[in-house]
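I have placed the structure first, in the form of structure tokens, so that the comments after it can refer back to it.
No value in this document is a laboratory result; all are computed from the given coordinates. Keep in mind the model is a prediction, meaning the values are calculated, not measured. Don't worry about glycine lacking a Cβ; one is built from the backbone with ideal geometry, like all the others, and counts go over all protein chains shown.
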Amino acid sequence: MTILPEGERPNPYSAYGAHGSVLVMNSGSSSLKYQLVNPVGGEAIAAGTIERIGEDSGIIKHRFAGNTTTREEPVADHGEALRIALGLFDEVGPTLADADVYAVGHRVVHGGAVFSSPVLVDDEVVRQIADLSPLAPLHNPPNVKGIEVARELLPDVPHVAVFDTAFFSTLPDAASTYALDRAVAQEHGVRRYGFHGTSHQYVSGKVARVLGRRIEGLNTIVLHLGNGASASAVRGGVAVDTSMGMTPLEGLVMGTRTGDIDAAVVFHLARNAGMSIDEIDDLFNKRSGVKGLSGVNDFRELRRLIDAGDEGARQAFEVYIHRLRKYVGAYHAVLGRVDVLAFTAGVGENDAHVRAAVVEGLEPLGLAVDPERNAVQSGEPRVVSPDWTSTLVMVVPTMEELAIARQCVEAVEAASRAG
């Protein structure tokens with residue numbers, strides 16, 4: 001397969017040329033991240049983060065035109081954080097008037113079974129997102145707060161909610177259903193929802209565009225490997241399986257999360273270690289994974305420790321890779337034929353050791369990496385497999401904010417056509 005030069009690739013977003021920018025917001029429990037995006041060209045016009053909201057001293061960063069403005073000052077709540085961000089647009093640039101903001105896009109972690117696509121925000125949508133908070137108690141409440149404040153401060157542009165779970169609403173029942181008592185599962189919304197959906201959708205679509213192939217004919221395994229990590233099996237642009245479950249805890253070994261673990265470990269720790277549910281929750285989500293095994297969750301530091309002979313670091317890496325290889329093999333079976341294995345996110349895009357280790361010995365599945373290609377550092381999509389393989393191994397940088405921006409445009413345009 002041949003990678004087309006950028007100028008020769010079909011651009012499905014050329015119809016967006018008449019639109020301005022989209023302000024993409026991600027409200028976390030103690031942070032606000034934002035990016036002003038050109039949905040046509042794909043570039044970030046400006047971006048910023050406000051961290052440690054509600055603490056004694058917040059950290060504020062705003063980037064525009066190659067310069068970064070940094071401040072440290074208390075930020076009482078998300079309302080104040082957004083007011084600070086909007087003030088920085090006026091003070092440092094670009095002004096939102098000059099940027100011609102077309103819509104505000106809000107990343108929402110959990111859409112449950114209610115939301116399977118982006119949706120224009122109104123009071124009822126806000127209420128429904130809040131009602132889904134039991135499924136994502138750490139994420140949906142701050143998502144709601146960010147939406148409420150943004151609608152108050154930016155009332156004259158449409159607001160769109162884009163859900164991490166939406167791309168996986170297509171999972172077949174066999175993949176989304178846990179073998180739990182049916183009545184209990186239905187009453188409490190227990191099923192596989194999947195997360196990182198915006199990234200998996202963007203990367204699987206980007207693969208098709210870069211290769212000049214129709215997405216309907218491609219089977220792709222996407223490995224989103226960051227501090228949080230997930231795998232997906234995508235057939236013809238439609239997700240058919242994913243590693244994260246009802247919550248982002250299930251699946252791959254992650255920076256601080258266990259990934260797959262025997263559920264009875266919870267009972268064991270409660271009964272024999274006297275640990276509360278909250279303590280086990282904290283252990284599984286914040287003190288496990290690569291960090292729990294090695295003491296670090298930065299893969300650059302992990303590599304340094306491995307090279308220095310640290311046994312815990314070596315074991316952490318091997319456990320991490322073992323789980324990844326299991327999912328690659330499983331999704332090969334799910335798809336039947338795999339055209340592309342795509343690595344993305346911080347670790348997937350930048351760690352050649354991880355990519356090489358994942359496919360080592362998988363030549364019978366048509367998987368391998370070329371050492372020279374794999375060693376290249378680049379921000380561009382690229383093939384890192386040798387020419388003889390039946391499955392391409394690719395590195396495809398994810399651009400979740402751009403994906404959200406484009407979905408916002410599509411949602412607003414669809415609502416406009418519908419009247």
Problem set entry | Rg ratio (alpha-carbon, reference 2.2 N^0.38 Å) - segment 87-130 | 1.58
Exercise. Roughly what would the spin-label model give for ASP90 and ARG127, points 7 Å off Cα along C-beta, in nm?
Worked result: 3.3
Seminar exercise, completed: Heads up, segment 132-286 by the C-alpha gyration tensor (a ≥ b ≥ c square roots of eigenvalues; a/c under 1.5 rounded, else a/b over b/c prolate, else oblate) looks oblate
Problem set entry | Zero-based 5 Å bins, Cα pair distances in segment 55-133, whole percents | 3, 11, 17, 17, 15, 16, 14, 6, 0
Seminar exercise, completed: Computed Rg/Rh for segment 371-419 (Cα atoms; Rh = Kirkwood radius) stands at 1.29
Seminar exercise, completed: Mean Cβ-within-10 Å packing, highest first, puts peptides 58-69, 197-208, 167-178 in the order 197-208, 167-178, 58-69
Problem set entry | Fraction of alpha-carbon pairs over 23 Å apart in segment 318-410 - percent | 27
Problem set entry | Global form of segment 206-360, assessed from the alpha-carbon gyration tensor, a/c cut-off 1.5 | oblate
Exercise. Using Cα pairs under 8 angstrom and six or more residues apart, how large is the relative contact order of the chain, in percent?
Worked result: 15
Problem set entry | DSSP-assigned coil residues among trypsin sites (Lys or Arg not before Pro) in segment 321-372, each with at most 12 further Cβ atoms within 10 Å | ARG337
For this session: Kindly provide log₁₀ I(q)/I(0) values, in the same order as q = 0.07, 0.12 Å⁻¹, from the Debye equation applied to equal alpha-carbon scatterers of the chain.
Result: -0.34, -1.08
